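Note sheet for the following structure.
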Amino acid sequence: MARAMLVMMLLAVAVPPALALGPAPVAQPLPSFDTTRYYDQARFDAAIAPYTQAIARNANDARAHYWLGVAYLHMARLRVLRLAPFARGFDARAVASLEQSVRLQPATEAILALMEAYAMVGAVAKYNALTERVSSMAQPVPIK
């Protein structure tokens, strides 16, 4: 676990913003999902509508898959706290959306969110494999 934390810190420092998820190939930019809010079922459905619509237009939209995965992950967290009973199965949906995002464009924030989703669902082998992948991607920082 300490190794994973070190990898995340190294990636946060070593990966320039230009390597982050680029703009989606749609006419309207996608809004960020607000993970500081509580959503009931109706508000959640409205909040994820831009991402599901973007995916319906372009199934290869990595950014839409990322934000949809983040939204499902947020609601899965709230379900663990018993604040979103309607969110049953959202942890698996988060994994599916984030895996697709990483397949399409392996951006740092998508990989880290996927690692969190794997931890949430107990996919230890996948979490460890992704940690190894991230470790191999990190470039060493010279010590002066």
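Quick note: the coordinates plus some simple rules give every number you see, no bench work behind them. This one's a predicted model, so the numbers in the text were calculated from it and none came from an experiment. Neighbour counts run over all protein chains shown; Cβ positions are idealised from the backbone, glycine included.
The figures follow:
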quantity: Some residue of region 100-107 being within 15 Å of the chain's Cα centre (by Cα) and either closer than 19 Å to Tyr39 by Cβ or surrounded by 23 or more Cβ atoms within 10 Å (Cβ to Cβ) (or both); calculated: yes
quantity: Every pair of residues 6+ apart whose Cβ atoms lie under 7 Å, when the first sits in region 32-49 and is within 13 Å of Trp67 (Cα to Cα) while the second is of a type in the set (Gly, Ala, Ser) and in a helix (DSSP H, G or I); calculated: Phe33/Ala47; Phe33/Ala71; Ala47/Ala71; Ile48/Ala71
quantity: Test: residue in region 60-71 that is part of a helix (DSSP H, G or I) and of a type in the set (Asp, Glu); calculated: no
quantity: Positions within region 77-99 being under 19 Å from Tyr39 (Cα atoms) and acidic (Asp, Glu), in sequence order; calculated: Asp91
quantity: Contacts under 8 angstrom Cβ, first residue in region 77-92 being under 18 Å from Tyr118 (Cα atoms), partner of a type outside the set (A, V, I, L, M) and not in a helix (DSSP H, G or I), 6 or more apart; calculated: Leu78/Tyr38; Leu78/Tyr39; Arg79/Arg88
